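Single-structure report; data block below.
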Amino acid sequence: MPLGISESTFSEIEVKYSPGSRIVFYSDGVTEAMNYISEEYGTERLIKHFKNPSASVKSIVDDVNEFTQGQQQFDDVTVVMIEAK
């Protein structure tokens with residue numbers, strides 16, 4: 001069941017991943033984080049970073065922070081990564 005959703009009906013499926021496969025979940029605060037010229041971090045930048053085999057939750061958050069250069073953000077930055085073993 002999705003988190004934070006009131007009672008309802010949802011379908012489920014099972015997906016099998018190959019060992020080493022990764023999936024990342026992120027809040028819109030990641031892609032909408034802005035730098036000092038009001039440019040968004042964006043989906044393309046996130047995908048490019050995530051394609052690096054050494055990408056981690058920490059490296060994504062660090063990259064967002066480096067991009068924003070200390071600018072105040074108005075949304076949460078949440079990242080969850082799962083890797084199949």
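Just so you know, all these numbers are worked out from the coordinates, no wet-lab data involved. Please read these numbers as outputs of a predicted model, since none were measured by experiment. Here the Cβ positions follow ideal geometry from the backbone for every residue, glycine too, while neighbour counts run over all protein chains shown.
Annotations
- The set of residues from the stretch 60-85 being among the polar types (S, T, N, Q), surrounded by 14 or more Cβ atoms within 10 Å (Cβ to Cβ) and under 11 Å from the mean Cα position of the chain (by Cα) is empty.
- Residue satisfying all of: in the stretch 31-84; hydrophobic (A, V, I, L, M, F, W, C) and touching a residue at least 60 places away in the same chain (Cβ under 8 Å); nearest to Ser18 (Cα to Cα) among these: Ala84
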